[in-house]
1. Per residue, how large is the accessible surface of the range 63-112? Use a 1.4 angstrom probe and give square angstrom.
2. Note down the relative contact order for the range 269-337 as a percent, whole number, built from C-alpha pairs under 8 angstrom at least six residues apart.
3. So for each of 181-190, 165-174 I average, over its residues, the number of other beta carbons within 10 Å; can you give me the resulting order with the highest mean first?
4. Might you work out the accessible area of residue 296 for me, using a 1.4 Å probe with all protein chains in place, and round it to the nearest 10 Å²?
5. Taking H as built 1.01 Å from N, whose amide H comes closer than 5 Å to the amide H of residue 281, not counting residues under 5 places away?
6. If we count every other residue with Cβ under 14 angstrom of residue 79's Cβ, Lys/Arg +1 and Asp/Glu -1, where does the sum land?
7. If packing is taken as the average count of other Cβ atoms within 10 Å, what order do 236-249, 120-133 fall into, highest mean first?
8. Using Cα centres only, tell me the gap between the range 228-293 and the range 143-158 in whole Å.
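The values are calculated or read from the model by the stated rules, or taken from the named source; none is laboratory data. Quick caveat, the model's predicted, so the values are computed rather than measured. Here the Cβ positions follow ideal geometry from the backbone for every residue, glycine too, while neighbour counts run over all protein chains shown. When the accessible area is computed, the model is the full protein with side chains, heavy atoms only, and any ligands, DNA or RNA have been set aside. Shrake-Rupley method; radii C 1.70, N 1.55, O 1.52, S 1.80 Å.
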Amino acid sequence: MAATLSLSWLAACDSPTLQTAPTLDVSARTSASEQGLDASGDHRHSFDLRDSPAVQNAARPGGGGGTGISYHGGTVLQAGINVVAVYWGNTPVYAGGPTVNTFNTAGNSGDGSIVGQFLRDIDGSAYYNINSTYKNAAGVALVNAVKYAGYWANGASVPVNGQSVSDASMIAMLQSGFTSGALKYDPNTLYSIFTPGTVNLGGGAGTQYCAYHTNASVTVPGMTGTQRIYYAAMPYNAGWPSGCTSGLASPNSDVAADAEVNTLIHEIEETQTDAMGNAWYDNRGYENADKCAWQWGTTFTTTNGGKANITPKVGGRSYLVQMNWINSGTGGCRIAW
């Protein structure tokens, strides 16, 4: 059930320790945000702008084994991936989202946004089944499972439009959630940070990337030492429409949320198959979702005149999401498997 939280955490929270991922050979990439480390030394793996040269480069079949992508021995989330939505705003970031200063660590009841609905719909879908073509070090296929495990609508110390928010600040905010109990720790969870307007998560939102995933370490009450977490910076894509939205009509009459689910699923897919940047990628450094970024395949017109390409649940909502790279045969971008 949902709980209420009111925090003034910034002065009180512990300083988190960053977890540095192994360095990738990404010399072929043209995006500076992909090739470098942030100021804290942590690796980011970003979703490039719609028309960036890096996206055009990724769309080529590329090398990395017979399927065009290969395994480098690193961390994958074999049993499936959990997602916790962290909405960081003074009002609900997306229409229908949870009430500010509430959280739910037992599920997702209370999130009526399109983003929340998408997270409930995508689990077990033919679309997400593409990720099951990837395997762990033991050769076991990844499970087609996305669980929307909870949310935190955090209204404390909210950044303002145009403000650059460092990874250290994002991690400190997440740390405050673990410390207070607003966030529940789980090693197979992606903590996705959503902000409104033109809040510049990471410092390059809308100019270098639309979103990114990375990792860090936090302390968790009752647990010894530090714990690794995976998190995604999810700026408000509609704040940069030319670079971070599809340019097509919204399938659910919610331009902002419909744009966000596309970048969100990109980061979910990549976190499961390449959690630490040392698992599945091609010989140019592109992860599975990178190789199909901004490619839709066949679309259809929804009842409101929007464009979509999947309807994960029978009789449910339709969404427009990029295709994903299949690790079978000679590879390629698919919308289902």
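1. Working: 1750 Å² over 50 residues.
For the range 63-112, the solvent-accessible area averages 35 Å² per residue.
2. After rounding, I find 25 percent.
3. Working: 181-190: 19.3, 165-174: 21.3.
Per-residue Cβ counts within 10 Å, averaged per peptide and sorted highest first, yield 165-174, 181-190.
4. Solvent-accessible area, nearest 10 Å²: 40 Å².
5. 70, 72
6. Working: positive: 135, 147; negative: 123, 186.
Result for the neighbourhood of residue 79: 0.
7. Working: 236-249: 19.0, 120-133: 20.6.
Top of the packing list down: 120-133, 236-249.
8. Going from one Cα centre to the other spans 16 Å.
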